[in-house]
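The structure under discussion appears below in the form of structure tokens.
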Amino acid sequence: MKRILTIMFAAVLTVSAFAQGRFGPDSAECVKYLSYYTEYMKQGNNAEAIGPWRKAYSICPVTASQNLLIDGQKLMRWAYGKNKKAEDRKGYIDTLMKLYDQRVATFPKNKVSAYNNKAIDMVNFKVDEDNPQKVYDQMKEIFDNTGNKAIDLVYVKMMETAASLYTAGNMDAEQVMADYTAITENINAALAAKDDPKLRKAQKDVETLFMNSGIASCDNMLALLTPRYEANPDDEETLRSVVKMLSAADCLDSDLYLNAVQGLYAKDPSSGSAYLLYKLYARKDDAANAVKYLNEAISTSDGDNTQLANYYLELGSYNYKKAGNNAAAIAAAKKAAELSDEYKGKAYLLIGTIWGTVRCGGNEVESHAHFWVAYDYVNRAASVDPSLRAEANALAGQYAAYFPNKADAFMYDLTEGKAYTVTCGSLRESTTVRTR
């Protein structure tokens, strides 16, 4: 302690002769307490430093040293962590926020750093978390003063609170959209200067918050995204963002969506972009192109078997319901069942449904034999997927009602349980004879 006091006293003697203007009217006391707390902090003794820091802060002009404010912030954070009383903690945080405001006002050249650090502490210490309007106002001020030099947290927190205020009915849609546009433009400008994984993540988080806010109607999205697309029609990230947001807004019939999907496919002819084209053409009832691109999505997929099975099942369903190709539908559904147990029940149910709805010619038995196949598959669906049991059992009952009667079967030398191959157009399947 004696050594520390000696160092402090020497520092005061050295500085006091030159300190009259910078350190205010009580310059000697100001310099003394500046030296006291600084030396304690160098020794890692914040408990002893906080008293003289308070004294220095009370008598020194804030222009005396930026470190007076920066060190004060460090001490307030330290004191907050050491004190568990809610009232005292609030005092430390209030002081911390005040120090940031003073630093911005007094040392504007360093305002970007001060504002960004203020945002970090606001989030870390949950400042005004019960008042979204106050948090938004603070983040908006920080954003307005930092722009594309803001840290990722500023963008995300501002968007989060704007969305929260909109959901609560305390902010209009135009303001949220204006904020989203401004935030996105500044993130893009920052990324253009230097790629940053944190900013990339913030970009996606901001987009997700905006879409989940409920503001993303088709009209709003078109008004927002059309200028962005027209400014960068060949930029892959822009195309992905436009496609994603228009999809979320169910704005798939727009020319903008068509142009963005086609542009994305031209830039990246991947399984994902082919699938998007399938969805687009399916929505437009263009069966030929829909099937073409879904098959391409399947052939280029590098996903696991579960994803591939999902594609095959969708292809089967589309071929059956829209393209009118039952053979292709059944082939795709069987492939889905082979690839994934998760989709096996749904695939069997689809195959059973197809066989249950086809029309077959022939005699009294041949024209009804397809219901045996349908019955087989819906029962398989019920056995492998309990969630489909009720639906599958109901269909099985319907199909059983169309089985040929025993007399008709007997006329054609068919008995219960005998093996039988059903041929119906391009469809062919082995089954078992059943009668009513």
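The values are calculated or read from the model by the stated rules, or taken from the named source; none is laboratory data. If you're wondering where the values come from, they're calculated on a predicted model, not measured in any experiment. Using ideal geometry, Cβ is built from the backbone for each residue, glycine included, and neighbour counts are taken over all protein chains shown.
Checked across the range 228-241, the condition of being under 24 Å from Asn170 (Cα atoms) and either free of Cβ contacts under 8 Å to residues at least 40 places away in the same chain or out of contact with any Lys or Arg (no Cβ under 9 Å at 6 or more places or on another chain) (or both) holds for no residue. Where helices (runs of 4 or more DSSP H) fall entirely within the range 150-269, those with at least 2 residues that are within 30 Å of Asp286 (Cβ to Cβ) are at 197-212, 218-231, 236-248, 255-267. Scanning the range 59-83 for residues that are part of a loop (DSSP other than H, G, I, E, B) and either among the hydroxyl-bearing types (Ser, Thr, Tyr) or closer than 18 Å to Glu48 by Cα (or both) gives Thr63, Ser65, Asn83. The residues of the range 244-278 that are at pLDDT 90 or above and aliphatic (A, V, I, L, M), listed by number, are Leu256, Leu258, Ala260, Val261, Leu264, Ala266, Ala274, Leu276, Leu277. The conditions of being closer than 26 Å to Lys140 by Cα, among the small types (Gly, Ala, Ser) and in contact with a Gly (Cβ under 9 Å, 6 or more places away or on another chain) are not met by Ala193.
The single condition from (1) surrounded by 18 or more Cβ atoms within 10 Å (Cβ to Cβ); (2) more than 26 Å from Ala190 (Cβ to Cβ); (3) in contact with an Asp or Glu (Cβ under 8 Å, 6 or more places away or on another chain) that Val127 fails is (2).
Inside the range 378-430, can you point out the residues that are among the β-branched types (Val, Ile, Thr) and closer than 16 Å to Cys360 by Cα? Correct list: Thr421, Val422, Thr423.
Starting from the range 302-313, keep only residues that are of a type in the set (Phe, Trp, Tyr), then list their pairs with residues that are outside any loop (DSSP other than H, G, I, E, B) and surrounded by fewer than 14 Cβ atoms within 10 Å (Cβ to Cβ) whose Cβ atoms are within a distance under 8 Å, requiring at least 6 positions of separation or different chains. Correct list of pairs: empty, since none qualify. For the range 328-348, the set of residues classified as surrounded by fewer than 24 Cβ atoms within 10 Å (Cβ to Cβ), of a type in the set (Gly, Ala, Ser) and touching a Leu at 6+ places or on another chain (Cβ under 6 Å) consists of Gly345 only. Within the range 255-295, the residues that satisfy the criterion of being polar (S, T, N, Q), under 25 Å from Asn188 (Cβ atoms) and surrounded by fewer than 18 Cβ atoms within 10 Å (Cβ to Cβ) are Asn259, Gln262, Ser270. No other residue among Glu364, Glu429 is buried (at least 19 other Cβ atoms within 10 Å of the Cβ) and touching a helix residue (DSSP H, G or I) at 6+ places or on another chain (Cβ under 6 Å) apart from Glu429.
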